[in-house]
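Undergrad: Got a structure here, written out as structure tokens. Questions coming.
The values are calculated or read from the model by the stated rules, or taken from the named source; none is laboratory data. Owing to the predicted nature of the structure, the values given are computational and were not obtained by experimental measurement. Every residue, glycine as well, gets a Cβ built from its backbone with ideal geometry; the counts of neighbours run over all protein chains shown.
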Amino acid sequence: MKTARALPQDAGELTAIAHAAKRHWGYPEDWISRWEGVLTLTPEYIAANPTHVALEDGRIVGFCSVVLHGNEARLEHLWVLPPAVNKGIGRSLFELAEGLAREAGADRLTVESDPNAEEFYVRMGAARYGRVPAAMDDVERFLPLLEKSLTLLEL
């Protein structure tokens, strides 16, 4: 697998990947429609925020994007096409996002996770520090808030 900086013209393909990945968890199509805004990447967003793609045989199979705010970086997107899941692509993208955050001077990487992805982020070394309500229709839901320290502790 290779990675590369996403280009603004990749916006439509990245949006399709985000939608496919979210659908993979079995959410009702009505919910997917209501999440359109948070699952859509624009050319302007890609140009303004470090966004990278994972490539297999020249084809985009996943991507991540980081929003930088001083000493904090927020992993805003990390999506992998369902057929490419469990091949190390998510791990590689997360590690790439960590590196981008460190290079920018961030001392922590945060993510507001889908509940289905929380276990993945914990395996990547993130810890839950809270949650936010995200009810849909009559279903009580919460999105885990996770963070990973990017500073090295000296012994």
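Undergrad: Go through the range 1-34 and give me each residue that's under 17 Å from Asp114 (Cα atoms) and among the acidic types (Asp, Glu).
TA: Glu29, Asp30
Undergrad: Moving on to the next point. Asp57 - would you say it is within 25 Å of Ala134 (Cα to Cα), acidic (Asp, Glu) and either modelled with pLDDT of 95 or more or surrounded by fewer than 20 Cβ atoms within 10 Å (Cβ to Cβ) (or both)? Even if it seems obvious, please write down each step before you answer.
TA: Values: within 25 Å of Ala134 (Cα to Cα): no; acidic (Asp, Glu): yes; either modelled with pLDDT of 95 or more or surrounded by fewer than 20 Cβ atoms within 10 Å (Cβ to Cβ) (or both): yes.
When the stated conditions are applied, Asp57 does not pass them.
Undergrad: Hey, Ala4 hits all of (1) crowded, with 16+ Cβ neighbours inside 10 Å; (2) in a strand (DSSP E or B) but one; which does it fall short on?
TA: (1)
Undergrad: Another question, if that's okay. Please go through the range 99-112 and pick out each residue that is within 12 Å of Pro50 (Cβ to Cβ), touching a strand residue (DSSP E or B) at 6+ places or on another chain (Cβ under 8 Å) and surrounded by fewer than 23 Cβ atoms within 10 Å (Cβ to Cβ).
TA: Correct list: Leu100, Ala104, Ala106.
Undergrad: Among (1) out of contact with any Pro (no Cβ under 7 Å at 6 or more places or on another chain); (2) modelled with pLDDT of 95 or more; (3) among the β-branched types (Val, Ile, Thr), which single condition is Val85 missing?
TA: With respect to (1) out of contact with any Pro (no Cβ under 7 Å at 6 or more places or on another chain); (2) modelled with pLDDT of 95 or more; (3) among the β-branched types (Val, Ile, Thr), Val85 is out only on (2).
Undergrad: Let me ask something additional. Does Val80 satisfy the condition of being β-branched (Val, Ile, Thr), crowded, with 18+ Cβ neighbours inside 10 Å, within 27 Å of Glu13 (Cβ to Cβ) and at pLDDT 95 or above?
TA: In short, yes.
Undergrad: Name the single residue, out of those in the range 60-118 being in a helix (DSSP H, G or I) and basic (Lys, Arg), that is nearest to the chain's Cα centre (by Cα).
TA: Residue satisfying both the conditions and the ranking: Arg91.
Undergrad: Next question, about the same structure. Within the range 61-70, does at least one residue satisfy the condition of being farther than 25 Å from Asp10 by Cα and either modelled with pLDDT of 95 or more or of a type outside the set (Lys, Arg) (or both)?
TA: Yes - at least one qualifying residue is present in the range 61-70.
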